[in-house]
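Taking it in order: structure first as structure tokens, then the write-up.
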Amino acid sequence: MFRCAQRDRLAIVGRVASKSASPAVELAVGEHTVRVSNPDRVYFPEIGATKLDLVRYYLGVGEGIVNALRDRPCMLHRFPKGLPGGKVHQKRLPGGAPDWISTVRVYFPRYGRHADELCVRELADIVWAVQMSTIEFHPWNSRRFDTEKPDEWRIDLDPMPDCPWSRVQRMAGVVHEVLDEIGAVGWPKTSGGKGLHVYVRIAPEWGFTDVRRAALAFAREVERRAPDDVTTTWWRKDRDPALLFVDYNQNARDHTIAAAYSVRGVPAATVSTPVRWTEIPDIEPRDFTITTVPARYAELGDLHAGIDDAVFRIDQLLEWAEREPVDLDLDEDTDDTGSDTSG
């Protein structure tokens with residue numbers, strides 16, 4: 001069903017007979033062999049895509065998805081029975097992991113507990129996670145070297161229910177304008193839903209609270225420039241349903257959104273896809289799926305490949321925040337938009 005851009009570097013090295021299901025497939029991925037059980041299980045009934053199709057998709061965008069996840073604690077959205085069976089949010093690494101799977105331990109103060117989360121270093125880690133029924137990958141915006149110091153500022157353009165896509169497109173232009181003015185390089189991508197994300201690589205010198213304050217200061221500037229289109233009102237019930245919410249709280253600790261190249265657990269199997277700024281006026285989110293993105297990737301490569309070379313310091317945004325102090329003591333875990341949602 002799908003063409004794998006890396007097929008020449010992969011090999012099916014064996015099949016294991018099974019009386020109750022389709023034969024398992026063993027794939028050589030880098031230096032490791034990953035056994036994919038039930039490869040013909042349909043995960044996306046609307047398009048007929050199977051577990052093996054999902055594996056092939058991730059192999060086709062391998063370097064891009066690894067770059068998006070590398071060294072980050074990662075929550076997994078697993079669908080053990082495919083989409084019809086429902087979603088499991090998994091912070092802890094699923095049981096039965098081979099010894100070459102890398103993890104990072106993170107602490108959750110609200111519960112007084114630790115969790116060892118998947119921490120991707122190579123493509124085999126991702127294929128193994130898909131074998132464990134993972135469809136979506138939701139990484140932290142910090143890395144294993146210091147999980148309390150984010151190195152990624154995330155701008156989430158989240159349309160309210162009555163907000164048209166055309167408004168999202170136009171406001172992306174305002175975001176780009178403000179980023180240019182402060183000297184920050186933004187890396188846009190579709191959310192895989194109805195919105196857009198823009199990532200900015202930042203120096204890992206501030207904690208989550210400061211990065212969140214900086215993100216709010218930026219969001220308020222976008223709102224000032226487009227008050228008829230944008231809101232930063234926190235509670236959903238208080239927002240105009242026709243506006244675009246700039247969700248600064250996606251920079252709070254342990255709040256995650258789908259990675260670049262992550263498939264979304266929706267019937268059409270859309271993908272959160274890196275795009276060029278110049279493309280945004282002409283694209284539709286439904287354009288990017290597991291059936292279309294591998295060919296795009298083969299042609300364009302990873303459009304976020306240069307993100308680590310464009311590091312921004314948030315000092316100016318923190319100065320903006322000081323001029324307009326806002327109480328950010330709101331319990332981040334009571335976020336009414338959810339810690340793993342992205343429109």
The number of residues in segment 240-272 that are outside any loop (DSSP other than H, G, I, E, B) and within 21 Å of LYS81 (Cα to Cα) is 3
What single numbered condition from (1) surrounded by 19 or more Cβ atoms within 10 Å (Cβ to Cβ); (2) outside any strand (DSSP E or B); (3) in contact with a strand residue (DSSP E or B) (Cβ under 7 Å, 6 or more places away or on another chain) fails to hold for ILE126?
(3)
Report yes if ALA260 is more than 15 Å from VAL198 (Cα to Cα) and not basic (Lys, Arg), otherwise no.
no
Does ASP282 fit the bill of being open to solvent by 10 Å² or more (accessible area, probe 1.4 Å) and over 30 Å from TYR107 (Cβ atoms)?
yes
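Within segment 300-309, is there a residue that is in contact with a His (Cβ under 7 Å, 6 or more places away or on another chain) and either at negative phi or in a strand (DSSP E or B) (or both)?
no
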Candidate set: segment 30-55, residues that are in contact with a strand residue (DSSP E or B) (Cβ under 9 Å, 6 or more places away or on another chain) and in a loop (DSSP other than H, G, I, E, B); chosen: the one surrounded by the most Cβ atoms within 10 Å (Cβ to Cβ)
PRO39
Any chance ASP287 is surrounded by 15 or more Cβ atoms within 10 Å (Cβ to Cβ), charged (D, E, K, R), under 18 Å from the mean Cα position of the chain (by Cα) and under 26 Å from ASP228 (Cα atoms):
no
Conditions (1) closer than 25 Å to VAL266 by Cα; (2) free of Cβ contacts under 8 Å to residues at least 60 places away in the same chain; (3) open to solvent by less than 10 Å² (accessible area, probe 1.4 Å) -> LEU244 fails only (2)
Out of ARG92, ARG121, ARG110, I need the residue that is open to solvent by 20 Å² or more (accessible area, probe 1.4 Å), touching a Lys or Arg at 6+ places or on another chain (Cβ under 7 Å) and in a loop (DSSP other than H, G, I, E, B). Which one?
ARG121
Residues of segment 209-252 satisfying the condition of being in contact with a Pro (Cβ under 6 Å, 6 or more places away or on another chain) and within 28 Å of ASP308 (Cα to Cα):
VAL211
Looking at the structure I just gave you, is THR232 in contact with a strand residue (DSSP E or B) (Cβ under 8 Å, 6 or more places away or on another chain), at pLDDT 95 or above, closer than 14 Å to ARG213 by Cα and not basic (Lys, Arg)?
yes
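Every residue, every condition in (1) more than 19 Å from ALA252 (Cα to Cα); (2) out of contact with any Pro (no Cβ under 9 Å at 6 or more places or on another chain); (3) without any contact (Cβ under 8 Å) to a residue 40 or more places away in the chain, yes or no:
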| residue | (1), (2), (3) |
| --- | --- |
| PRO159 | yes, yes, no |
| GLN169 | yes, no, no |
| GLY173 | yes, no, no |
| LEU179 | yes, yes, yes |
Can you pull out every residue in segment 56-86 that is assigned to a loop (DSSP other than H, G, I, E, B) and modelled with pLDDT of 95 or more?
VAL61, ARG70, ASP71, ARG72, PHE79
Among (1) at pLDDT below 70; (2) farther than 21 Å from VAL61 by Cβ, which single condition is ASP315 missing?
(1)
I'm trying to understand the selection: among the residues of segment 194-229, which are within 27 Å of ASP287 (Cα to Cα) and open to solvent by 30 Å² or more (accessible area, probe 1.4 Å)?
LYS194
Go through (1) of a type in the set (Phe, Trp, Tyr); (2) farther than 26 Å from THR292 by Cβ; (3) in the same structural domain as GLU205 (by the TED database); (4) surrounded by fewer than 18 Cβ atoms within 10 Å (Cβ to Cβ) for TRP165 and report which single condition fails.
(2)
Members of segment 186-239 that are part of a helix (DSSP H, G or I), within 20 Å of the chain's Cα centre (by Cα) and among the polar types (S, T, N, Q):
none
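The values are calculated or read from the model by the stated rules, or taken from the named source; none is laboratory data. In this text, all values refer to a predicted model and were calculated from it rather than measured experimentally. Because the Cβ atoms are built from the backbone with ideal geometry, glycine has one as well, and the counts that use them run over all protein chains shown. Accessible surface areas use protein heavy atoms only, side chains included; no ligands, DNA or RNA. Shrake-Rupley method; radii C 1.70, N 1.55, O 1.52, S 1.80 Å.
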